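Contents: one structure, followed by commentary.
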Amino acid sequence: MIKTLVAIEVDLASSLAIRYACQLGILVNAELYPVYVKSPPPEVPATGTGWVRHTWEREILEMGKEEIQEMLAGEMESCPLMQEPRVIYGDREYELLKIMDHEPFDLYVEGAPYPFTPANIQRRLHAKFYQRVGTPLIWLRILRKISQVLVPCFDAPGTRSQVQALQKIWAGCGVPLHFCLAPGAGEPVRQEVLRGEETLKAAGCQTVFLDDCQMAAGGPAPEVLKNYGLVVVALERAVKKDSPRLQWLTLVKAPLMLVLY
């Protein structure tokens, strides 16, 4: 069972993330654990103790529970893999990191950063939570049916990281994984892809090596991406905002699985 943490807010992106996680959960046998971190409003003092502050926290948590129950009402009925949502008071990044540090999750899902620009993506990935998270993460901009998955490969270390992530999450899944070699990647990367295919086939995955993968600057062309319900990309944790791969990511409207290495 793939244990999946789904971080949600009361917004459209989170609604898409929940619906997509439910679809994915059916395919890969995943349990979904929604978490809503309710941050304190500006009028609540940053310090202090006593019954006044505790009363504030209780009221904010109750408000959060009502917001999330209303948002998830329909999904809870149609998605038996979804567990009871948790509502936590505090700083979002700190509380999510605490959960991931103390519980054995295999995957993290949330709405994509907005605006989806290189600078904003880089800023998000350089935050403490993303630098420390040890699982692949999925970002949602739009909802798509997962009938096939694209795995673009750019270098050997990234390809190994993609294969390791998919070996665990995609094991036994019948949805095919399409491997795509970036131009100029070289023979070492091609050999890494071929070894990865063998590893994944042994784990019960279906793989396809695309000999002709239409490319744009930085990665597969947008017209190729529209045919996929998930794109699995390996990305260096120290990625710079002027990286061609980061520039290319902004063109990817399909659901993204990022494997940080």
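The values are calculated or read from the model by the stated rules, or taken from the named source; none is laboratory data. All values reported here derive from a predicted model rather than from experimental measurement. Positions of Cβ are backbone-derived with ideal geometry, glycine not excepted, and every protein chain shown enters the neighbour counts. Areas reflect the complete protein model, heavy atoms only, side chains present, ligands, DNA and RNA absent. Shrake-Rupley method; radii C 1.70, N 1.55, O 1.52, S 1.80 Å.
Here the chain has 52 percent of its accessible surface on carbon and sulfur atoms, given a 1.4 Å probe and all protein chains in place. In this structure the chain gives 47 Å² per residue of accessible area when probed at 1.4 Å with all protein chains present. Which residue fluctuates most in the GNM of the chain (Cα springs below 10 Å): 115, 244, 34? Maximum fluctuation in the GNM of the chain, among the listed residues, is at 115.
Annotation note: trypsin sites (Lys or Arg not before Pro) in region 220-261 located in DSSP loop regions with a Cβ neighbour count of at most 14 within 10 Å are 226, 237, 240. Axis angle, to the nearest 10 degrees, between helix 12-28 and the longest C-alpha principal axis of the chain: 60 degrees. Volume of the convex hull of region 111-261 (Cα atoms only), normalised per residue: 100 Å³. To the nearest 10, the accessible area of residue 22 is 10 Å² with a 1.4 Å probe.
Scaling the Cα radius of gyration of the chain by the globular reference 2.2 N^0.38 Å produces a ratio of 1.06. Between region 75-94 and region 111-159, how many Å separate their Cα centres? Computed from Cα coordinates, the inter-centre distance equals 21 Å. On a 0 to 90 degree scale, rounded to 10, what angle separates helix 51-78 from the longest Cα axis of the chain? Long axis of 51-78 versus the principal axis of the chain: about 50 degrees. Taking the C-alpha atoms only, the angle from helix 187-202 to the longest principal axis of the chain is near 70 degrees. A straight Cα-to-Cα reach below 25 Å connects residue 98 with the lysines 3, 38, 65, 128, 168, residues fewer than 8 places away in its own chain not being considered. Once you place label points 7 Å from the Cα toward the Cβ at residue 212 and residue 126, how far apart are they in nm? Each label point lies 7 Å from its Cα, and together they span 4.1 nm. Over the chain, dividing the summed -39,500 (n - 2.57) contributions of all DSSP H runs of at least 4 residues by the number of residues returns a 222 nm mean residue ellipticity of -13000 deg cm²/dmol.
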